[in-house]
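Notes to accompany the following structure.
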Amino acid sequence: MGVTRMDALRELALVDLIELCNEARIEHCRATRDLSSCGRPVQHLLSTCGHASLCPECSQRCDTCPVCRVPIKGESNRARLRLYYKCIEAGLISKQHDDRFQAKEGIGNRANLDVERLYLLFDVALQNNLSSLICHYVTDVCLDENAVSSDPVLAFLLDEVVVKDWCKRSFTHLLNELQTIYKGSVENMQKDLPQMQKYVTQLNGVCIVIEAMVSSFDDSVHAQVHDLHQLLEDLTKAKQHLEVMIWCTRHKFLEHVQPQYPDIASWELDVNERKASLARRSWPKINLPATTETNPSTSLFIEEALQNLDLEDDHEEDILLSLEHERPERAFYPQVNWSNQYPFKSVRAAADVLFLHGASDTVVAKQAIFLYYLIDRHGMRPDSDWRFLLDDFCAAFGVTSQALTECMVFYLLDNHSDQALEEAILLLPKIANPETHPKIAQVLLERQRPDAALTLLRCTGSDDLPASAETATGTTSLKEAVNAVRVRIEYGLLTEAFIYQRSYCAKVKDTDVKLQQVELIVSEMCALCVERGLADRMIELPWNHQEEKYLHKCLLDKASEKPESTSGSLLVVFYLQRYRYAEAYKVHTSLDSTEQEAIVKLGTDASSKIRKRSQWRHDLVARSLELLPESERHKVILECSSAEEQNDVAVVSRVTNLTNQSVVRGVLYA
């Protein structure tokens, strides 16, 4: 009766791992015949001692094992078939790997054949979901200090390098098989779906083996660990890509699902219109302190997502690139700007770009981008035509309904139509949670919906200030704080915006960072209030001494930029409201000189307005100074007059120096 697959696999699963090396080795009969060794291949183990030392014929005539001299008992069952040959008999290993055939043909040398046989046993384990056997071989044999041998071939079989080389060999073999499948037509790929599913299991098995090896090494073997990490990364990406390819193959790469765009050119044009609309409506960048990261350029959600993936390949010759259907020449490949590659040319291109590039641990983000692509591809077509694709993809990859809704919201907010905006706002309650993307509120604000932005901030808990100073000092938190202040001002909640910025900055313990953030947020508040005509309400807020400096600077700068505006006069009122008449007089004096210069440059109407406002302010300041004691009044006037004289002297000095330099240059040139 022949050996069955189950019998062979059961013995492989139960084999003593230290004996697996011996099972893999080619052995020859050690019996002597006419003063010479028999030398025939040994396919059986002696039942008494388990040594592979005698061929079937010699085992019948010898009484003891040539290796250990243990008597051979029994007549009929003196030997049993070795594991390697059981696998051949059961069809688990191809008969072309039978060593008798190889000996006749003179294939390879003895050492390489022994290693190849061990690899074939590992292949059987991998193909039959026994990858844990290989993991135990690593931990129980390769890393066992007592598992040593003076035989160089056996010593190599006991080393972890042999497992590492097998992993590379298996990966290369699987890539070649996948490459052949991917080159076929959609119909042929559908026929190969069962085999593709098996390859997913095998890739996962090799990953498990490498993870076992990595966990067994310490930091002292950094080079080996780095090599294993890179191999594990490539394996994981190949598996992730294969899983997506299986899904695409099941749906025939969406050949029978009509997209909303007639061609790729129309799709690209629509995306460019979205970018142009975003550029027109985007707010000024937040001027972050020099110690923090610079602001990213204004971008769509999909562009930002692609940039965050960092799809550039670190190593030049990436073996995964052979799986790509279409790719540019290698000389130009590193220069690809992936954020500008959207929309992808096809479903296959989307799968290749996303899942063959970038880090494997960003697979959740890659799946979200693929969902975005599917939504954008079909968009406004009836749900009955394409919505089943989203549901099937989510079921296949374990994507939650909330994650799918988030992708839908990102697409709708990138879309520049008002209808898409309203649909996105209706979906916001379904995704509101502390992890909601902070950019959503920013986009709603840019699209003139501060009400929806404020509701989202409150639903997500973003109204709650950071619990610790460390989170309050981060770049992201600072951006969110500025955005929260902007939303409240746009919605008319000026006092709430003031309280928010005060509380936010109070959380920061680092003095230098705190000053930077106070300057940034207060300056942003002042500039926005001036633009929205809320400066008169802003100066009534209870600013502290530190905040006043930036308010003073902002209003004074605005007055210098636009002398016809009320910014400077409101700064004077700010000090008068606080009975700080001296500071009000100084600001008034400073504004006078600026306004006199503007009157000369500007037209009649603007000059008339400036004169009236300057006279009104002059009368107001004069009446306020009358409230001071005479001694203090004279002191303020003298200080301001002295400052003006010093400024005049400085101006005259600069003019004189320039004149002298001109004369000297004229003499030299002459």
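The values are calculated or read from the model by the stated rules, or taken from the named source; none is laboratory data. As the structure is a prediction and not an experimental result, all values here were calculated from the model. Cβ coordinates were reconstructed from backbone atoms using ideal geometry, including for glycine residues, and neighbour counts include every protein chain displayed. All accessible areas refer to the heavy atoms of the entire protein, side chains included, with ligands and DNA or RNA removed. Shrake-Rupley method; radii C 1.70, N 1.55, O 1.52, S 1.80 Å.
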(message) For segment 189-200, which positions are exposed (fewer than 15 other Cβ atoms within 10 Å of the Cβ) and of a type outside the set (K, R)?
(response) Q190, L193, P194, Q195, Q197
(request) Could you tell me whether T455 is in a loop (DSSP other than H, G, I, E, B) and either hydroxyl-bearing (S, T, Y) or touching a helix residue (DSSP H, G or I) at 6+ places or on another chain (Cβ under 8 Å) (or both)? (result) no
(message) Among (1) in a helix (DSSP H, G or I); (2) open to solvent by 60 Å² or more (accessible area, probe 1.4 Å); (3) farther than 29 Å from L269 by Cβ, there is one condition S384 misses while meeting the rest; what is its number?
(response) (3)
(message) Restricting to segment 551-568, name every residue that is open to solvent by 30 Å² or more (accessible area, probe 1.4 Å), in a helix (DSSP H, G or I) and under 24 Å from Q501 (Cβ atoms).
(response) H552, K553, L556, D557, K558, E561
(message) When the residues of segment 154-166 are narrowed to those that are under 43 Å from the mean Cα position of the chain (by Cα), assigned to a helix (DSSP H, G or I) and in contact (Cβ under 8 Å) with a residue 60 or more places away in the chain, which ends up surrounded by the fewest Cβ atoms within 10 Å (Cβ to Cβ)?
(response) K164
(message) Criterion first (of a type in the set (G, A, S), open to solvent by 60 Å² or more (accessible area, probe 1.4 Å), out of contact with any His (no Cβ under 9 Å at 6 or more places or on another chain) and at pLDDT below 85) does A111 satisfy it?
(response) no
(message) Quick check on this structure: which one of I425, I431, I369 is of a type in the set (V, I, T) and within 16 Å of the chain's Cα centre (by Cα)?
(response) I369
(request) For segment 167-188, indicate whether the set of residues that are among the polar types (S, T, N, Q), open to solvent by 10 Å² or more (accessible area, probe 1.4 Å), in contact with a Lys or Arg (Cβ under 8 Å, 6 or more places away or on another chain) and outside any loop (DSSP other than H, G, I, E, B) is non-empty. (result) no
(message) Looking at segment 253-280 only, could you name the residues that are open to solvent by less than 70 Å² (accessible area, probe 1.4 Å) and either outside any helix (DSSP H, G or I) or β-branched (V, I, T) (or both)?
(response) V257, P259, Q260, Y261, I264, V271
(message) I want to confirm something. Restricting to segment 593-621 and keeping residues that are open to solvent by 40 Å² or more (accessible area, probe 1.4 Å) and among the acidic types (D, E), which single residue is farthest from P542 (Cα to Cα)?
(response) D605
(message) So, in segment 34-87, how many residues would count as being out of contact with any strand residue (DSSP E or B) (no Cβ under 7 Å at 6 or more places or on another chain), of a type in the set (S, T, Y) and buried (at least 20 other Cβ atoms within 10 Å of the Cβ)?
(response) 2
(request) Determine, yes or no, whether D619 is closer than 24 Å to A535 by Cβ, modelled with pLDDT under 80 and assigned to a helix (DSSP H, G or I). (result) no
(request) Tell me which of these G492 doesn't satisfy, since it passes every other one: (1) within 30 Å of D376 (Cα to Cα); (2) modelled with pLDDT of 90 or more; (3) assigned to a loop (DSSP other than H, G, I, E, B). (result) (1)
(request) Only residues that are among the charged types (D, E, K, R) and farther than 12 Å from Q240 by Cβ: list them for segment 353-390, please. (result) D376, R377, R381, D383, D385, R387
(request) State all residues of segment 118-153 that are open to solvent by 50 Å² or more (accessible area, probe 1.4 Å) and not acidic (D, E); if no residue qualifies, say none. (result) Q127, N129, S132, H136, T139, L143, N146, V148, S150, P152
(message) If the requirement is being surrounded by 17 or more Cβ atoms within 10 Å (Cβ to Cβ), part of a helix (DSSP H, G or I), among the acidic types (D, E) and modelled with pLDDT under 90, which of these qualifies: E470, E480?
(response) E480
(request) Kindly list, by first and then second residue, each pair from a residue in segment 587-615 that is of a type in the set (V, I, T) to a residue that is modelled with pLDDT under 80 and in a helix (DSSP H, G or I), limited to pairs with Cβ atoms under 8 Å and residues at least 6 apart or on different chains. (result) T589/C640; T589/A643; T589/E644
(message) Can you pull out every residue in segment 622-638 that is open to solvent by 100 Å² or more (accessible area, probe 1.4 Å) and either of a type in the set (F, W, Y) or assigned to a helix (DSSP H, G or I) (or both)?
(response) R623, E630, K635, L638
(request) Please indicate, with yes or no, whether at least one residue in segment 433-442 is part of a helix (DSSP H, G or I), modelled with pLDDT under 90 and either open to solvent by 20 Å² or more (accessible area, probe 1.4 Å) or not acidic (D, E) (or both). (result) no
(message) E293 - would you say it is within 19 Å of the chain's Cα centre (by Cα), closer than 30 Å to Q517 by Cα and either surrounded by 15 or more Cβ atoms within 10 Å (Cβ to Cβ) or modelled with pLDDT of 90 or more (or both)?
(response) no
(message) Being part of a helix (DSSP H, G or I), open to solvent by 10 Å² or more (accessible area, probe 1.4 Å), out of contact with any strand residue (DSSP E or B) (no Cβ under 6 Å at 6 or more places or on another chain) and without any contact (Cβ under 8 Å) to a residue 24 or more places away in the chain is true for just one of A424, A403, A395. Which residue is that?
(response) A395
